[in-house]
Amino acid sequence: MPEAESALIASRARDLIYDWNTAGQTTTYPAVVELNDETLRDGLQSPSVVNPPVEQKIDLLRLMGRLGIHCANIGYASSSRQAQQDVVALACASVGLDIHVNVAARTTLADIVPAIECAQQSGVPVEVAVFVGSSPIRRLAEDWDFEDLVMRVHESVDFVVKHGQSCMFVTEDTTRADPESLERLYSVAIGCGARRICIADTTGHATPDGARNVVTYVRRIVQQSGAAVAVDWHGHSDRGLAVANSLAAIAAGVDRVHATALGIGERSGNTPMDTLLVNLKLLGVLPHDMTALNDYVRRASHILRVPIPAMWPVFSPDAFRTATGVHASAVSKALARGDQWLADHVYCSVPAEWFGRRQIIEVGPLSGASNVVFYLKSRGIDPVRPLVDRVLAAAKRSHRVLREDEIMRIVNRRGPEDLP
């Protein structure tokens, strides 16, 4: 967007929208935050998704690259021979996409060795994300001895580093783990060469306050180590707070955030990458073009066989669709003036065109004449009063929004009486 046009839009926003989000106490976000897409690993743990063929996974990986997503978790190599082959293919496909890749592994050589073999076969650097449960409740359920865990962390991270791959150490259930356990586990991993550590809200337990608190504590551990170690946040949606928690973690200083397309994942899912990107774009953290996000969401929905919910933010079928008379009147007047900015903001907080969408006006039982007039005009049909009245009368008799073919039957003078 030209600088002059951008300045004009910013000026209109200041003049026409009073923003309580910035009118008092505000949160400061960093200029840069990295993103790790977990769709093709953690996301596939959802029992409702289909594990797509590798060619379709590569298509989605390319869309991640177009969106400026920095890294992708491309699988769990030790789960099967096919999974290992997919990881190798995806690692090779990442070359030229300006996107790094990582794979998940438990703190056991049975998981780590296949991950390292994938890096060797592909010739692509692969970050190995070794994870272990950290909370007292998890240790009780698994009958784990804490000192044994510490030893496993030491051996696992040391093995990855000595085999020439970067290591991210992940504590599962971090947001329910005690400070002493976290300090011990992270310190051992950092001492063995892990240059990235990850805080995992595995059960979606955290609130934004909890996210800030644990990130602040873990960053202090990193600072005290004196090593150059990045901190990640991995969130889940059990309480519906995944996006809010991710934003709180970013404000508290994490370097990278994990998320999945449409929030797919176990139970209630993970942080939804699409909703997170929308908010980061609106907050000014991500300045680059995001129109490909619509393609990313629809491609993920298609290959994973996950329908986009009707009320899903920004990318649902209904997100920018209105059949309500008052709303449609305001939007249609703005569009009739050729003012796309006004149309995108008068009844919406998210500019549709930023994310590859557009405003849609329908005709239904809650519509007014303005809906019908705009609908007809947008299809090159003269909105003469008798025709508008006939369409509107049919809409008022209906219990739902009229379909295109139903309106066209009225336009073609086959009458509203033969509508269902």
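The values are calculated or read from the model by the stated rules, or taken from the named source; none is laboratory data. Predicted model, so just to flag it, every value in this text is computed and none were measured. No Cβ is skipped: glycine too gets one built from the backbone with ideal geometry, and neighbour counts run over all protein chains shown. We work out accessible area using only protein heavy atoms, side chains counted, and drop any ligands, DNA or RNA first. Shrake-Rupley method; radii C 1.70, N 1.55, O 1.52, S 1.80 Å.
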Original post:
at pLDDT 95 or above and surrounded by 12 or more Cβ atoms within 10 Å (Cβ to Cβ), is that true of Glu55?
Top reply: no
**OP:** Inspect region 358-376 for any residue being surrounded by 17 or more Cβ atoms within 10 Å (Cβ to Cβ) and among the acidic types (Asp, Glu) and give the result as yes or no.
**Re:** yes
Original post:
touching a residue at least 40 places away in the same chain (Cβ under 8 Å), within 17 Å of Arg106 (Cα to Cα) and in contact with a Lys or Arg (Cβ under 8 Å, 6 or more places away or on another chain) - does that describe any residue in region 178-196?
Top reply: yes
Original post:
Taking the condition closer than 30 Å to Ala248 by Cα, over 31 Å from the mean Cα position of the chain (by Cα) and assigned to a helix (DSSP H, G or I), does Arg138 pass?
Top reply: no
Subject >> Residue list for region 207-251, filter: within 22 Å of Cys71 (Cβ to Cβ) and among the small types (Gly, Ala, Ser) >> reply: Ala211, Ala227, Ala228, Ala230, Gly235, Ser237, Ala242, Ser246, Ala248, Ala249, Ala251
Original post:
Just one of Gly240, Gly210 is open to solvent by less than 40 Å² (accessible area, probe 1.4 Å), touching a residue at least 24 places away in the same chain (Cβ under 8 Å) and not aromatic (Phe, Trp, Tyr); which is it?
Top reply: Gly210
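Please indicate, with yes or no, whether at least one residue in region 146-163 is in a helix (DSSP H, G or I) and among the aromatic types (Phe, Trp, Tyr).
So the first thing to find is which residues in region 146-163 are in a helix (DSSP H, G or I), and the list is 146-162.
Of the ones still in play, those that are also among the aromatic types (Phe, Trp, Tyr) are 146, 159.
Checked against the condition, which is being in a helix (DSSP H, G or I) and among the aromatic types (Phe, Trp, Tyr), region 146-163 yields at least one hit.
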Original post:
Just to be sure, is Val132 part of a strand (DSSP E or B), surrounded by fewer than 24 Cβ atoms within 10 Å (Cβ to Cβ) and in contact with a helix residue (DSSP H, G or I) (Cβ under 9 Å, 6 or more places away or on another chain)?
Top reply: yes
**OP:** Hey, can you tell me all the residues within region 69-79 that are open to solvent by 20 Å² or more (accessible area, probe 1.4 Å) and either closer than 11 Å to Val103 by Cα or at pLDDT below 95 (or both)?
**Re:** Tyr76, Ser78, Ser79
Original post:
How many residues, within region 248-267, are open to solvent by less than 20 Å² (accessible area, probe 1.4 Å) and not in a helix (DSSP H, G or I)?
Top reply: 8
**OP:** Please identify the pairs in which a residue from region 381-395 that is open to solvent by 30 Å² or more (accessible area, probe 1.4 Å) has its Cβ atom under 9 Å from the Cβ atom of a residue that is charged (D, E, K, R) and part of a loop (DSSP other than H, G, I, E, B), counting only partners at least 6 apart or on another chain.
**Re:** Arg390/Arg413
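Please tell me if Asn270 is within 14 Å of the chain's Cα centre (by Cα), open to solvent by less than 70 Å² (accessible area, probe 1.4 Å), of a type outside the set (Val, Ile, Thr) and within 27 Å of Ile199 (Cα to Cα). Write out each step before concluding.
Values: within 14 Å of the chain's Cα centre (by Cα): yes; open to solvent by less than 70 Å² (accessible area, probe 1.4 Å): yes; of a type outside the set (Val, Ile, Thr): yes; within 27 Å of Ile199 (Cα to Cα): yes.
Judged against the criteria, Asn270 is a match.
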